[in-house]
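**Q** Below are the structure tokens for one structure; questions will follow.
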Amino acid sequence: MAVPWEEYFRLALQEKQSTKLPEQAEHYFPPVLRLLEKRQELVDADQALQTQKQVFHTKMAALKQRWEQLEQKERELKGSFISFDKFFQDSEARRNRALRRAAEERNQAGRREAEALRLRAQLEELRQEHARLQRRLQRLEPCARLLEQALELLPGFQDVPELVARFDGLAETQAALRLRERERLAEQEAVRARLQRLRDAWPDELLAHGQRRAQLQERLEAARERKLQWESKWIQIQNTAAEKTLLLGRSRMAVLNLFQLVCQHQGQPPALDIEDTEGQLEQVKLFMQDLSAMLAGLGQTEPAAPAS
């Protein structure tokens, strides 16, 4: 690694100072010699600097050339890597294709084997079905001969399938009739069970209705008694109201008569309405208070008259 120029000068000056200090301590140099010495040091330092520059440039040139060689090798290696990678990818692709082809062939072989097994099983099932149908045909052959004989005896039918279809229709009709008969029987049994339940529950229900009727009769009698009581109370209230109304009418007539007497005594016409009983009472009250005050005043002045 190259040393920076500032650091180099600093180290060179320190070295020069360290080597000259003992001599300066022993002998005294004039300023001119000291200046020449400093110039010589600068020249030496410059030469050393130039030498280091040349060395540095030489090293830099060598490093640059080495770097270019390394870059060239890197490019070559990259090219080799790319070629190898391509070759490896091609080889891997060929290997994968071969593996896929082998797997597909194995799968196809397995599918063919499975298909062969399925076809063998299906063939065996068909053989068994054929044998079963053959045995059934042998078993039904007497029935076929019987149907042919019946067809000869029944000229209304053209062939055996028509006769069989007619028989199937009759059999379906019979099955439907039997099913309907079972349904009717089930409904009849349900109706009978319901009727029996009603018969069994009728006495209890009749007894409950009788008890309910007795309770309602008792409530009716109690309501009638309460009705008579309230009717008697209502008549009593009406009589009391009539008496109170009569008493109120008499009281209002008495108040009106008193009010009219008060007006006659005062020599004033009645100023209140005939129905204003409270106002009439108030006027009578005021009159009675004035009359009481006058009588009280007369009672006080009568004893003083003989003394005078």
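The values are calculated or read from the model by the stated rules, or taken from the named source; none is laboratory data. Being a predicted model, the structure only gives us computed values, none of them experimental. No Cβ is skipped: glycine too gets one built from the backbone with ideal geometry, and neighbour counts run over all protein chains shown. In case anyone asks, the SASA skips ligands and DNA or RNA and just uses the protein heavy atoms, side chains included. Shrake-Rupley method; radii C 1.70, N 1.55, O 1.52, S 1.80 Å.
**Q** Looking at R166, R184, R178, R199, which one is free of Cβ contacts under 8 Å to residues at least 12 places away in the same chain and exposed (fewer than 10 other Cβ atoms within 10 Å of the Cβ)?
**A** From the options R166, R184, R178, R199, the qualifying one is R199.
**Q** Same structure again: Quick one: count up the residues across the range 269-280 that are in a helix (DSSP H, G or I) and either open to solvent by 90 Å² or more (accessible area, probe 1.4 Å) or in contact with a strand residue (DSSP E or B) (Cβ under 6 Å, 6 or more places away or on another chain) (or both).
**A** Selection size over the range 269-280: 1.
**Q** Related question: Looking at R120, R139, R111, R106, can you tell me which residue is open to solvent by 100 Å² or more (accessible area, probe 1.4 Å) and closer than 30 Å to F167 by Cα?
**A** R139 is the lone residue from the list that is open to solvent by 100 Å² or more (accessible area, probe 1.4 Å) and closer than 30 Å to F167 by Cα.
**Q** Next question. Test of understanding: among Q238, Q266, Q283, Q217, which residue is touching a Cys at 6+ places or on another chain (Cβ under 9 Å) and open to solvent by less than 90 Å² (accessible area, probe 1.4 Å)?
**A** Selected residue: Q283, the only one of Q238, Q266, Q283, Q217 that is touching a Cys at 6+ places or on another chain (Cβ under 9 Å) and open to solvent by less than 90 Å² (accessible area, probe 1.4 Å).
**Q** Going through Q149, Q188 one at a time, which residue ends up being among the polar types (S, T, N, Q) and either part of a loop (DSSP other than H, G, I, E, B) or modelled with pLDDT of 85 or more (or both)?
**A** Of Q149, Q188, the one residue that is among the polar types (S, T, N, Q) and either part of a loop (DSSP other than H, G, I, E, B) or modelled with pLDDT of 85 or more (or both) is Q188.
**Q** Report yes if some residue within the range 87-103 is of a type in the set (S, T, Y) and either assigned to a helix (DSSP H, G or I) or at pLDDT 75 or above (or both); otherwise report no.
**A** Checked the range 87-103: at least one residue is of a type in the set (S, T, Y) and either assigned to a helix (DSSP H, G or I) or at pLDDT 75 or above (or both).
**Q** Same structure, new question: So which of L133, L126 is of a type outside the set (D, E), in a helix (DSSP H, G or I) and open to solvent by less than 100 Å² (accessible area, probe 1.4 Å)?
**A** Just one listed residue meets the conditions, L133.
**Q** Assess whether R199 counts as being at pLDDT 85 or above, part of a helix (DSSP H, G or I) and among the basic types (K, R).
**A** No: the conditions fail for R199.
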